[in-house]
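The block underneath contains the structure these notes are about, expressed in structure tokens.
Every number here is computed from the coordinates shown, using simple stated rules; none is lab data. Because the structure is predicted, anything quoted here is derived from the model rather than measured. Every residue, glycine among them, receives a Cβ derived from its backbone with ideal geometry; neighbour counts consider all protein chains shown.
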Amino acid sequence: MKVELETTLLAAVSDLSSARDIPGVTRVVRVAARTLTGADGVTFVLKDVDQCFYADEDAISPLWKGRRFPLHSCISGWVMRHRMPVAIKDIYSDDRIPHDAYRPTFVKSLLMVPVRTEDPVAAIGAYWASEHEATEEERSTLESLATAASLALVNVQLWSDLTRALAREQQARVEAEHAREVAERASRLKDQFLSTVSHELRTPLNVMQGWLWQLDRGLPSPDRFKLAVSTLQRNTALQTQLVEDLLDVSRAISGQLTLDLRPLDVSWPVQGAVATCEDEAAKKGLAVTCNMEAPLPLVRADAQRVAQIARNLLSNAVKFTPSGGRIAVRVEAAPTVVALTVRDTGVGIPADFLPFVFDQFRQADARTTRRFGGLGIGLTIVQELVALHGGAVRASSDGPNQGTSVRVEFPILRAD
Amino acid sequence: MSRVLVVEDYEDARAMVEMILEDAGYHVLLAADGVEGVTMARRHHPDAILMDIFMPGIDGIEATRQLKADPETAAVPVIAYTAKPAFVRDGDELFAAVCMKPCPPDELLKIIGEFAPLK
């Protein structure tokens with residue numbers, strides 16, 4: 001082999017070894033094939049199931065780049081099917097050639113070699129405009145190029161598999177990292193919650209223990225006895241409520257929360273809830289107003305649960321509104337729903353916490369200076385209960401110290 | 001008479017502790033939050049302070065830090081009185097003792113007696 005041919009072939013082999021995609025391979029092959037054979041045109045043909053795809057070419061005038069032919073009706077297909085090269089001096093005297101496809105072209109003679117002889121995946125063709133008997137050297141040079149191209153195609157495949165595998169691995173890593181973060185956050189919230197539950201249960205327990213100790217030491221004065229009983233009652237009720245709320249959240253999580261749905265005028269349970277909160281509100285110097293439309297359309301609801309929803313909203317309003325504030329309860333009919341709104345003039349909700357108010361165990365301020373007792377599950381329970389009624393709940397606030405408004409909607413019961 | 005300042009935001013707990021300490025023979029001062037607690041400690045120089053931790057405004061840890069930073073009140077023993085053990089560890093070098101709620105009144109009296117003996 002002539003030195004310049006050898007140099008060209010070596011350069012092509014080197015370029016092919018760094019090709020990362022099929023166009024990269026075909027580009028090197030078409031340039032090298034033409035230089036190596038001195039042909040007037042070359043093509044790089046890929047086998048695509050039962051077709052020959054003319055992927056690339058370099059020629060004095062256009063050949064078949066981008067076209068597809070059946071494997072059985074073209075010479076590149078013949079080469080690939082028979083796993084052997086072919087040299088044809090006069091293409092029009094050879095019936096393996098689809099003459100109609102060649103007539104618009106310059107081609108008179110050709111040399112075609114398969115890429116990967118044992119199981120061809122492509123072919124390289126060289127074409128001459130004048131009759132040319134392909135030499136042994138031309139054939140072997142083109143076969144060497146075909147071997148290098150075949151290795152390059154394997155590389156491309158491996159490279160693309162590797163890239164895909166790396167991308168998949170990276171994706172899996174990102175997903176695992178995300179899952180870990182979510183789990184850690186949930187675990188932190190749960191720890192925080194358990195610590196809050198423990199605190200909230202111990203606080204009334206401490207008071208009860210103190211008074212029981214006192215009672216155990218002998219009957220105190222009538223005034224003190226009365227104070228003991230009322231304190232014990234209040235703290236027992238507080239603990240009972242905590243336990244009830246915990247059970248509700250646990251039932252909601254396991255889907256065990258059930259309702260006794262009947263046609264209902266919601267103003268009744270709401271009035272009851274307002275009455276139970278009036279003492280607490282009065283003690284804090286809060287003005288509670290109640291505005292109920294009458295008559296109200298009926299909704300399908302569980303009276304006890306509606307009362308619980310209203311109580312939760314009211315107890316939040318009382319808890320989060322400083323002395324001297326106002327709480328407004330309103331029940332009104334809209335076209336398709338009956339809406340209960342509890343609005344207060346309290347501490348409000350920071351905009352960045354609004355999306356999380358219904359999440360369990362969350363209160364905006366979780367530090368030790370947290371001003372407000374409770375488990376942070378009241379609104380979670382409200383949301384679950386409202387959802388079970390087929391209704392909707394929305395909290396809004398103009399920000400810190402601008403008050404909060406929570407609106408619950410129950411669908412109106414239709415006659416049909 | 002030994003004087004004990006009780007800083008506790010929960011009214012029922014405040015009343016209960018007041019009763020137990022008064023019955024035992026203490027003069028009891030009451031504060032409903034950290035700010036009031038610090039003010040009362042500066043004004044009355046009690047023999048000991050029973051300090052709730054979880055409180056509005058400044059919490060019991062911050063209130064105690066302020067007392068320790070003030071030469072006038074730094075020597076007054078402060079007993080942490082809390083239902084949340086995790087929070088006390090943050091500042092336990094501040095406290096003369098820790099009293100976990102629920103705390104049996106006998107135990108409460110014993111701890112307070114160590115720092116403010118009945119006279």
P(r) for the stretch A:9-118, please, calculated from all Cα pair distances in 10 Å bins and given in %. 14, 47, 33, 5, 0
For residue A:52, list long-range residues whose amide hydrogen, built 1.01 Å from N in the peptide plane, is under 5 Å from its own amide hydrogen. A:69, A:71
Within 10 Å of each Cβ in peptide B:8-20, how many partner chain Cβ atoms are there on average? Round it to a whole number, please. 5
How big is the Kirkwood radius of the protein assembly as shown, worked out from every pair of different alpha carbons and given in Å to one decimal? 31.0 Å
Pair residue A:50, residue A:323: separation of 7 Å Cα→Cβ label points (nm): 9.2 nm
Mind checking which of A:103, A:202, A:311 has the largest fluctuation in a GNM of chain A, springs on alpha carbons under 10 Å? A:103
Which three extents, in angstrom, do the Cα atoms of chain B have along their principal axes, listed largest first? 31, 29, 24
Evaluate E = 1/(1 + (r/R0)^6) for residue A:6 and residue A:117, where r is the Cβ-Cβ distance and R0 equals 22 Å; express this FRET efficiency to the nearest 0.05. 0.50
Neighbourhood charge, 11 Å Cβ-Cβ cut-off, centred on residue A:71 and excluding it, Lys, Arg +1 and Asp, Glu -1: +1
Shape category assigned to the stretch A:198-275 from the gyration tensor of Cα positions, a/c cut at 1.5: oblate
Please list, ordered by chain and number, the residues whose modelled amide H lies under 5 Å from the amide H of residue A:115; skip anything fewer than 5 residues away on the same chain. A:121, A:122, A:123, A:124
Using θ = phi - 60° and the Karplus curve 6.51 cos²θ - 1.76 cosθ + 1.60, what whole-Hz ³J(HN,Hα) does each residue of the stretch A:322-327 get, with Gly and Pro shown as x? x, 3, x, x, 10, 10
Taking K and R as +1 and D and E as -1, what net charge do the other residues with C-beta under 13 Å from the C-beta of residue B:47 add up to? +1
Rounded, prolate or oblate, given the Cα gyration tensor of the stretch A:141-248, with a/c below 1.5 counting as rounded? prolate
Take peptide B:52-59, look around each residue's Cβ out to 10 angstrom, count Cβ atoms belonging to other protein chains, and average those counts. 4
How high is the FRET efficiency from residue A:216 to residue B:11, r the C-beta distance, R0 25 Å, rounded to 0.05? 0.65
Overall form of the stretch A:49-92 per C-alpha gyration tensor (a/c, 1.5; a/b vs b/c): oblate
Percent relative contact order for chain B, counting Cα pairs under 8 Å at least six residues apart, stands at 26 percent
Using amide H atoms built 1.01 Å from N in the peptide plane, name the residues 5+ places from residue A:288, or on other chains, whose amide H lies under 5 Å from its own. A:327
Tell me which of A:35, A:19, A:84 sits at the most positive position along the dipole axis of chain A, charges placed on C-beta atoms (Lys, Arg +1; Asp, Glu -1). A:19
Residue-averaged beta-carbon neighbours from other chains (10 angstrom radius) around A:208-220: 4
What is the distance, in nm, between label points placed 7 Å from the Cα along the Cα-to-Cβ direction at residue A:279 and at residue A:240? 1.2 nm
Going by average Cβ density within 10 Å per residue, which order do the peptides A:295-306, A:83-94 take, highest to lowest? A:295-306, A:83-94
Under the Karplus relation with 6.51, -1.76 and 1.60 and θ = phi - 60°, whole-Hz ³J(HN,Hα) for the stretch B:22-28, x at Gly and Pro, equal 5, 4, 6, x, 8, 8, 10
Average Cα contact separation per residue, chain A, under 8 Å, 6 or more apart, as relative contact order %: 11 percent
Hz values of 3J(HN,Hα) by residue in the stretch B:34-42 - Karplus curve (6.51, -1.76, 1.60), Gly and Pro given as x: x, 5, 5, x, 5, 4, 5, 4, 5
To the nearest 10 degrees, the tilt of helix A:22-37 (Cα long axis) against the first principal axis of the alpha carbons of chain A is 10 degrees
Angle check, please: helix A:3-17 long axis (alpha carbons) against the longest principal axis of chain A (alpha carbons), in degrees 0 to 90, nearest 10. 20 degrees
Which of the peptides B:58-68, A:249-259, A:72-82, A:126-136 is most tightly packed, and how do the rest follow, judged by the mean count of other Cβ atoms within 10 Å per residue? B:58-68, A:72-82, A:126-136, A:249-259
Cα-based helix-to-principal-axis angle, A:267-283 vs chain A, degrees rounded to 10: 70 degrees
